[in-house]
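S.K.: I'd like to ask you about the structure that follows.
No value in this document is a laboratory result; all are computed from the given coordinates. Treat the numbers as computed from the prediction; the structure is a model and nothing was measured. Cβ atoms come from the backbone with ideal geometry, glycine included; neighbour counts cover every protein chain shown.
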Amino acid sequence: MTPTILPHIKVLDLSRVLAGPWCTQALADMGAEVFKIERQGTGDEMRHSPPFLRGADGQPTKDSTSYVCVNRGKRSLTIDFTQPAGQALVHELVRQCDVVVENFKAGDLQRYRLDYESLRAINPSLVYCSITGYGQDGPMAALPGYDPVFQAISGIMSTCGLPEGEPGAGPMRSMLPLVDVMTGMVATSTVLAALLHRERTGEGQHLDIALLDVALAASVHLGQTYLSTGRVPQRAGNGSLLFAPSNCFPCLEGHILIQIGNDNQWQRLSKCLGRTDWLENPHFATNAERMRHKAEVDGAVAEITRTWDKQALSQMLGEAGVPCGPVNDMAQAFEHPQVRHRGLRVELDDPRLGKLPVIHSPFRFSRTPVVHRPPPALGADTEAVLREHLRVDDTRWQALQAAGVV
C-alpha cells in the first residue's frame, strides 16, 4: 500500500458545494479518511449541476462533473441529523474524528447540536473548521454568499475587464470560482497547522475561514497599493498595472500571453522578434517608459506576433527566457506537453463510471504521494461506516432505517 501523509486522520465533512469540499478532498488525497455527511435523497447541491456523466455501461447517470471535481476519495453517508437519532450518530462519529469541516451559515448548526461548542464537549481535541461567506461574527455573519458575490464585494471584479472607454468595458467576474478554490486552499493549510498545534499541545480549536477574508487577502499588491497610496486600481484588460509589455497578443490563430517583468527580458524579446532597433527607442528603454507608452509598445509587438503561430512563437520565446504562453482552450491545456509530462490528467477505475478522468492534486510529496480515489455514490458508505466504526448491529440498523434516519 502506498504510504500517505495523513493515514491516521479522520475527517467529518459537513460541507457542500465547493470551498469546503475542496479542503476535505485535499485531506482525502493526503490519506485522511473522510466521512461526507449528505442529505438523504438529494445530497450535496453540486450533485445536481449539469453536465452529468455516463456510467460504465454507457447509460446516463446522476453523477455530476461539478460533484466529482471536489469529492474524490471520500465516503458518503446519508444521515438525517435534523432528528435526535441522526445527531446521536454524528456525535458518535465525532468521538473518533480529528477534524470537522462545515460551511453552514454562522450559528445554523447550533440547533442540531453540531456547532463547535457542542462537539468540543464530546471531543476536546477536535479541530473544527467553519467556512462561511462573511465569518463567524460581524453584522453580515448570518448572510449567505457564493463565490461571485465575494469577487464583487472584495473589489476583485472591479479590477477585471476592459478599461473604461473601450467597447465592452465594465467589471468582469472570473468564470472559475477562484475565491472558493483559494478558500479551500486556505482552509486546508489552516487545518494542517491546527493539527500540528494539537500534536504539540493536545489542544483542539475552532477555525474561522471566511470567503471575504480570503478574497481581500488575494488582492495582494492591488489592495496594498490602495492602502498605501489611496489610489483605486483601474481595469487594464489583459494588460498589467506594473509591467509593459504584458498582454495578450494576436497570432495567426489565437493569442499568446507575453509578460515582461524586467528590462533584460525586454531585450531578449526585442532580439527574438528581430527588432533590436527597439532598444534604441527612448519610449521603450525602461519599464517605466514602456508603461507610459503602453499602447505604442503593445501595437509594435502585435504587428510581429500576428505573423506567427502561437505554439511556435511560445516555444521560441520561452527557450530564450521570455515569460510567455499560448492562450489555450481547455482541450489545448490538457494537451500541453508540460501538462502531459506532469500527469495532470489522472484516470481512475470507478466501479460505476468506468474510466474516470480527474485532475491531479496540486500537492506533491516525495515520500508520501497523494492517492487519487473515485468519488462516492450518494449514501454508498452509510451502512459500512456505521457498522465498522460505530459497531451498529442489525437491530439498530433496521431501527435507523425504519425511522428514516439513514
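S.K.: Given a Förster radius of 35 Å and the C-beta distance between residue 253 and residue 61 as r, what FRET efficiency does 1/(1 + (r/R0)^6) yield to the nearest 0.05? Show your work: numbers first, answer last.
M.R.: Values: r = 37 Å, r/R0 = 1.04.
That gives a FRET efficiency of 0.45.
S.K.: Now a separate question. Treat every Asp and Glu Cβ in the chain as -1 and every Lys and Arg Cβ as +1, leave all other atoms uncharged, and give the resulting dipole magnitude about the Cα centre to the nearest 20 debye.
M.R.: Values: 39 positive and 44 negative charges, 77 e Å.
Computed about the Cα centre, the dipole is about 380 debye.
S.K.: Multiplying the sequence separation of residue 203 and residue 364 by 0.36 nm and subtracting their Cα-Cα distance, what value in nm do you get? Walk me through the numbers before you get to the answer.
M.R.: Values: separation 161, 0.36 × 161 = 57.96 nm, distance 2.83 nm.
This chain segment gains 55.1 nm when fully extended.
S.K.: Once you order the gyration tensor axes a ≥ b ≥ c over the Cα atoms, which shape class does segment 13-130 get: rounded for a/c under 1.5, otherwise prolate or oblate by comparing a/b with b/c? Walk me through the numbers before you get to the answer.
M.R.: Working: a/c = 2.15, a/b = 1.76, b/c = 1.22.
Prolate.
S.K.: At 25 °C and 0.890 mPa s, what whole-number value in µm²/s does Stokes-Einstein give for the translational diffusion of segment 338-406, with Rh from the Kirkwood sum over Cα pairs?
M.R.: Values: Rh = 15.3 Å.
My calculation gives 161 µm²/s for D.
S.K.: Using only Cα atoms, tell me the angle between helix 220-229 and the longest principal axis of the chain; keep it within 0 to 90° and round to the nearest 10.
M.R.: Orientation of helix 220-229: about 70 degrees from the principal axis.
S.K.: Answer with one residue from 171, 60, 1: the one whose Cα lies farthest towards the positive end of the charge dipole of the chain, charges on Cβ with Lys, Arg +1 and Asp, Glu -1.
M.R.: So the residue we want is 1.
S.K.: Let me ask you something else. Please turn the phi angles of segment 354-363 into ³J(HN,Hα) values with the Karplus equation 6.51 cos²θ - 1.76 cosθ + 1.60 (θ = phi - 60°), one per residue in order, whole Hz, x for glycine and proline.
M.R.: Once θ is set to phi - 60°, the couplings for segment 354-363 become x, 6, 10, x, 9, 8, 4, 4, x, 7 Hz.
S.K.: Quick one: which residues, 5+ away or cross-chain, put their amide H under 5 Å from the amide H of residue 348? H built at 1.01 Å from N.
M.R.: Those lying under 5 Å, H to H, from residue 348 are 356, 358.
S.K.: Could you tell me what % of all Cα pairs in the chain have separations over 39 Å? Mind showing how you got there, number by number?
M.R.: Working: 26147 of 82215 pairs.
In whole percent, the long-distance tail amounts to 32.
S.K.: Additional query: Quote the Stokes-Einstein diffusion coefficient, in whole µm² s⁻¹, for segment 246-338, based on the Kirkwood radius over alpha carbon pairs, a temperature of 37 °C and a viscosity of 0.692 mPa s. Numbers along the way, then the final one.
M.R.: Working: Rh = 13.5 Å.
Answer from the Stokes-Einstein relation: 244 µm²/s.
S.K.: Restricted to Cα positions, what overall size does segment 101-242 have along the principal axes? Three whole-Å values, descending.
M.R.: Per principal axis, max minus min of the Cα coordinates gives 60, 33, 26 Å.
S.K.: Shifting gears a bit: With a ≥ b ≥ c the root eigenvalues of the C-alpha gyration tensor of segment 150-199, is it rounded (a/c under 1.5), prolate (a/b larger than b/c) or oblate? Before the final figure, lay out the partial values.
M.R.: Working: a/c = 5.72, a/b = 4.24, b/c = 1.35.
Cα axes put segment 150-199 in the prolate bin.
S.K.: While we're looking at this one, here's another question. Report D for segment 167-270 in µm² per second (integer): Stokes-Einstein, Kirkwood Rh on Cα pairs, 37 °C, 0.692 mPa s. Present the calculation step by step, with values, prior to reporting the outcome.
M.R.: Details: Rh = 17.7 Å.
Rounded to a whole number, D works out at 186 µm²/s.
S.K.: Cα axis of helix 84-96 to longest principal axis of the chain: angle in degrees, 0 to 90, nearest 10?
M.R.: 70
S.K.: Which aspartates and glutamates, if any, have their Cα less than 19 Å from the Cα of residue 10, not counting same-chain residues under 8 positions apart?
M.R.: Residue 10 reaches 29, 33, 38, 92, 98, 102, 115, 199, 203, 381, 383, 388.
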